[in-house]
Amino acid sequence: MAAASPSDFNSGKAESNEASSKWLDAHYDPLANIHTFSACLALADLHGDGEYKLVVGDLGPGGQQPRLKVLKGPRVLTESPLSELPAAAATFLKDQHEPRTPALALASGPCVYVYKNLRPYFKFSLPQLPANPLEEDLWNQAKEDRIDPLTLKEMLEGIREKAEVPLSVQSLRFLQLELSEMEAFVNQHKSKAIKRQTVITTMTTLKKNLADEDAVSCLVLGTENKELLVLDPEAFTILATMNLPSVPVFLEVSGQFDVEFRLAAACRNGNIYILRRDSKCPKYCIELSAQPVGLVRVHKVLVVGSNQDSLHGFTHKGKRLWTVQMPAAILTMNLLEQHSRGLQAVMAGLANGEVRIYHDKTLLNVIRTPDAVTSLCFGRFGREDNTLIMTTRGGGLIIKILKRTAVFVEGGGELGPPPAQATKLSVPRKTRLYVDQTLREREAGTDRPLPAAPPGARAYVQALESSLSPVSATAREPLKLHAVVQGLGPTFKLTLHLQNTSTARPILGLLICFLYNEALYALPRAFFKVPLLVPGLSYPLETFVGSLSDKGISDIIKVLVLREGQSAPLLSAHINMPVSEGLAAA
């Protein structure tokens with residue numbers, strides 16, 4: 001990639017030393033006339049020659065027509081007009097045929113335009129929605145000249161306010177017209193059938209059956225009709241349809257469609273919904289306190305940017321992990337993935353002209369730009385692996401290359417201590433009453449009565465004194481006991497693991513006794529001796545318990561460890577026996 005002349009970098013003198021030590025300035029053109037956002041940027045080897053191009057869905061501001069642009073380096077290679085505003089751009093492999101060149105998908109209006117080798121290949125249109133029957137009846141009356149245009153407008157406005165089914169585009173355009181234009185519009189469109197068509201709001205890709213980087217992928221579409229559609233990569237038929245409570249605006253997916261996948265959709269109602277394979281409705285919901293402005297998945301964490309100038313980290317089950325406050329409003333977000341070092345981080349473009357890079361809530365780097373950045377894209381561009389592409393609010397194009405020796409370290413974005421450390425705490429002054437009370441407690445502290453022990457502490461001490469615990473409290477007999485019950489019934493296998501926890505002294509002369517309800521259980525031996533216990537070893541002592549009841553009830557069996565010649569047990573354990581499934585089945 002050819003570097004720009006020195007005059008291209010006059011506006012970049014304000015960049016921080018920290019940013020310039022990690023990034024090389026490859027190109028800056030403030031008059032590139034590229035107006036887009038992050039969802040409409042994509043990098044791919046479109047011709048299979050190893051040269052990665054930049055695909056841009058240009059919005060065409062100021063009355064200009066939207067265009068699809070392909071950049072090779074800083075130069076526009078091709079551009080073609082679009083009929084409607086682009087919503088998203090993505091590259092994907094649609095089959096296993098050689099050569100393995102990816103296809104380009106561009107979502108615009110109700111259609112997805114698929115290009116292969118930068119030539120039109122396929123056009124997928126969203127299925128039409130059923131029209132409002134009242135609306136159809138009104139246009140039929142207008143076709144037969146039974147109602148005038150003014151009456152038609154009044155009745156369509158009433159339907160728009162109350163009906164659950166939205167009006168068609170034809171009716172919405174009619175309602176925007178002046179009174180003098182209505183009659184000509186009705187005469188022109190009254191013979192046409194009413195069609196209601198939704199549009200695409202967001203798009204991403206999902207691996208079909210393999211997790212490899214060059215595996216076949218499906219397209220996932222979010223529509224204005226509150227639906228998610230998964231398209232087959234070869235036939236472009238709808239493989240799955242999922243419903244959402246609101247219109248999706250950002251999508252993040254992981255997994256494979258044929259195996260297992262998880263899909264996160266940030267919607268206009270301020271919530272993020274999590275869907276899994278074979279689920280028609282959301283499985284989890286993350287409620288945000290503000291509208292989302294970006295959604296990026298970093299490993300297993302969903303990073304959400306909100307219009308309250310903050311980044312939030314969530315798990316896929318909706319648990320909030322962290323929150324970071326930004327110094328300005330977030331305009332755009334995207335993922336930075338450095339494959340050579342295994343790093344994944346979040347890039348956030350702010351309204352103050354900064355691009356901040358975060359790993360979880362740790363700030364790694366700050367890049368300062370001459371204008372506010374509205375779109376971000378990181379990846380292989382040309383023949384450079386780690387290239388950062390940014391477009392600005394004024395239509396400028398900035399290209400930076402990450403140095404091969406650059407290492408992101410925690411706290412690398414800001415020098416010195418954090419600003420919160422310099423904030424003085426408003427500690428109240430010590431009053432005379434506080435000083436007198438401190439002196440009184442220091443002088444008469446030993447004469448004060450001790451507070452009463454809480455009930456839990458008393459119960460714990462009582463349990464230790466009466467040996468009602470599986471761990472011995474005496475230093476002379478350091479023992480530990482735990483029991484395992486195996487089987488479904490009516491015969492259970494009971495294994496006691498008894499351990500001498502002393503460092504050097506063996507223990508001899510111990511007995512084990514079982515206390516149980518003889519109407520419910522039967523044991524072959526309810527009392528037996530324990531062999532010599534060597535320090536540090538766990539001895540398994542096995543016996544069998546037979547269940548005598550056929551009513552599906554269970555009880556507790558008490559295990560006591562005794563010393564010969566002593567009445568008090570050294571330790572004890574209560575075993576909650578399971579219900580005998582064998583007798584219940586019989």
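A few points about this structure:
- Matching residues, the stretch 256-279, being within 20 Å of PRO233 (Cβ to Cβ) and part of a loop (DSSP other than H, G, I, E, B): PHE257, ASP258, VAL259, ARG277, ASP278
- Residue selected from the stretch 339-362 under the condition under 16 Å from SER310 (Cβ atoms) and part of a loop (DSSP other than H, G, I, E, B), by the criterion least open to solvent (accessible area, probe 1.4 Å): ALA351
- Of all residues in the stretch 96-148, none satisfies the criterion of being among the β-branched types (Val, Ile, Thr), modelled with pLDDT under 85 and open to solvent by less than 10 Å² (accessible area, probe 1.4 Å).
- Test: residue in the stretch 489-496 that is surrounded by 13 or more Cβ atoms within 10 Å (Cβ to Cβ), assigned to a strand (DSSP E or B) and without any contact (Cβ under 8 Å) to a residue 40 or more places away in the chain: no
- Residue within the stretch 552-560 that is assigned to a loop (DSSP other than H, G, I, E, B), over 18 Å from HIS482 (Cβ atoms) and open to solvent by less than 20 Å² (accessible area, probe 1.4 Å) present: no
- Verdict on ARG297 being touching a residue at least 60 places away in the same chain (Cβ under 8 Å) and open to solvent by 20 Å² or more (accessible area, probe 1.4 Å): no
- Considering (1) without any contact (Cβ under 8 Å) to a residue 40 or more places away in the chain; (2) out of contact with any helix residue (DSSP H, G or I) (no Cβ under 6 Å at 6 or more places or on another chain), the lone condition that ASP550 does not fulfil carries the number (2).
- Taking the stretch 204-239 as the range and being farther than 21 Å from ALA103 by Cα and more than 20 Å from the chain's Cα centre (by Cα) as the test, the residues that pass are THR223, GLU224, ASN225.
Results for (1) part of a helix (DSSP H, G or I); (2) in contact (Cβ under 8 Å) with a residue 24 or more places away in the chain; (3) not hydroxyl-bearing (Ser, Thr, Tyr), shown as yes or no for each residue.
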{"position": "GLU136", "(1), (2), (3)": "yes, yes, yes"}
{"position": "ALA142", "(1), (2), (3)": "yes, yes, yes"}
{"position": "ASP145", "(1), (2), (3)": "no, no, yes"}
{"position": "GLU154", "(1), (2), (3)": "yes, no, yes"}
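- Residue in the stretch 30-49 that is touching a helix residue (DSSP H, G or I) at 6+ places or on another chain (Cβ under 6 Å), at pLDDT 50 or above and either within 25 Å of LEU335 (Cα to Cα) or open to solvent by less than 70 Å² (accessible area, probe 1.4 Å) (or both) present: no
- Sole residue being over 22 Å from HIS299 (Cα atoms), in contact (Cβ under 8 Å) with a residue 12 or more places away in the chain and of a type in the set (Val, Ile, Thr), chosen from THR323, THR362, THR374: THR374
The values are calculated or read from the model by the stated rules, or taken from the named source; none is laboratory data. Since the model is a prediction, treat every value here as computed from it, not as a measurement. Heads up, the Cβs are rebuilt from the backbone with ideal geometry, glycines too, and the neighbour counts pull from every protein chain shown. To get the accessible areas, we keep the full protein, side chains included, count just its heavy atoms, and leave off ligands, DNA and RNA. Shrake-Rupley method; radii C 1.70, N 1.55, O 1.52, S 1.80 Å.
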